[in-house]
Amino acid sequence: MRQVATTEGSVRQETMADVRVRRVTLAVAVGGTLLVMLDFNAPLATLSATAAGLHAGPVGRTWMLAGISVGLASALLVSGALGDDYGRRRVFLAGTSLLAISTGVCALAPDSEVFIVARVVQGVSAAAVLACSLGLIGHAYPAGPGRRRATGVWGASLGAGIAVGPLLAAGIAQASGWRAVYAVRPQPVDVAGVVTLMAGLACLVAGLVEGQQGWGRPMTLTPLLAGAVLLAAFGAVESRRAAPLLDPALFGQPGFVAATIGAFATGLAVIGLMSYLPTVLQRGLAQSPLASAGVLALWSGTSAVAALLARRLPYRLPAGWQLTGGLLLCATGLTGMTGLTTSSTWLRLTPGLVIAGVGSGILNAALARLAVESVPAGRAAMGSGANNTARYLGSGAGVAVVVAVVAAYQPGAHQTPAAATLAGMNTATLLAAGLALLGALTTLACAHRDTTPAPAPTHSNHPAATDTTM
């Protein structure tokens, strides 16, 4: 009897400990993700003040906004793979430490060049946090309703960070200046894969950012060509590796393809447009940085709530279909945001922002779920890295496209600068709605084919297999 009682007691104690570990893991992972999104979105409402303080021109302004996307896109997949192989906790903590250092450099930057470099480093460190936070959650929570709830909370933290970041930054900048925004806060490594992937993605995003100054310029074509060559080299290298950073066979899985396309479409069509919205509101409708951040929060706050509520959707609903529905809602909301004129108020945007926010929340929850479930169990951080790479590669391209479209509308004899800005934004918003619709149709095709489970792990010797605690 005593032995039975002891066994029952130990089982009960272990179960309670497991629950505590999962809750702590989720809290730390969500906290890290929230911190990343705060840093990512800090310049959205303070871009004009920061650029003026550092004497940055039009190109510098674009790089201030897109620099962190360069670092994110180039390092996300690598960070996820390193986390799976060497410990998600180690990579996560290294990322948070580097994020704090690079944020401090932003606060002390003497000129725009140092600030932009620090923003790129922020992106690299943020990649480690994002990839490994979802990887930790994927390992701590087995497949099922519990994981769905946890990934929904993680998805909500993306929207919450976007909502709080610009508001917090604008409030701090208004009270203490823009600098205060940044002051508050055992497999062998596949070296060839790491180098070619990071360099290729960095060159590609850099070319997209430079493209808004003209697509035929050497400063645009050279990095784009270099990026294409390096990514082709990455594909050739990985096809010959026994344990690649990104298994090419995953692209034969409809779920993985749907997640990748859905993430890219989200960044390209939604995040890219919303990232530039506060600047347009300030220039076109003469709103203050704080007010424009509040308008953006209508979208991002709704997204956070929708991601939390997405867990109430039927569990049997495939994540691919959820992706399609989210993108369709985003396309609908973006369409409703068109038609701005100088006589408009922020209320004109409210219906579209709310609808797009609901769609974004559903998307974030579905992408978080697919990022973990569409890859082998031991490669959850890699799946997160691949998914977020697509998201932020898309957002880097999206920002560049939006800026280029808006800049193409120049004031004339019968059009004021404010009217030209709003006319350009109307065109960019319609283009974004079309891209979201195209993404929805593509993910729908993938979801229709997704009848097979995620592939089994190709190798299981991962030191991170027990790395579930912080």
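Only alpha carbons enter this Debye calculation for the range 14-457, each as an equal point scatterer, and the log10 of I(q)/I(0) it gives at q = 0.11 Å⁻¹ is -0.78.
The Stokes-Einstein estimate for the range 33-142, based on a Kirkwood radius over Cα pairs and taken at 37 °C with 0.692 mPa s viscosity, is a diffusion coefficient of 232 µm²/s. Of the peptides 137-147, 117-127, the ranking by mean beta-carbon count within 10 Å, highest at the top, reads 117-127, 137-147. First check a/c for the range 211-355, with a ≥ b ≥ c the square roots of the eigenvalues of its C-alpha gyration tensor; if it is under 1.5, answer rounded, and if not, answer prolate when a/b is larger than b/c or oblate otherwise. Verdict is oblate for the range 211-355.
Sorted from greatest to least, the principal axis extents spanned by the alpha carbons of the range 292-334 come out as 39, 20, 10 Å. Ranked by the mean number of other Cβ atoms within 10 Å of their residues, highest first, the peptides 328-334, 71-77, 223-229, 235-241 fall in the order 71-77, 328-334, 223-229, 235-241. With each label modelled as a point 7 angstrom along the Cα→C-beta vector, the L309-H414 pair spans 4.5 nm.
Every number in this text was worked out from the coordinates using simple rules, so none of it is lab data. Fair warning: this is a prediction, and the values are worked out from it, not measured in the lab. We place every Cβ from the backbone using ideal geometry, glycine too, and count neighbours over all the protein chains shown.
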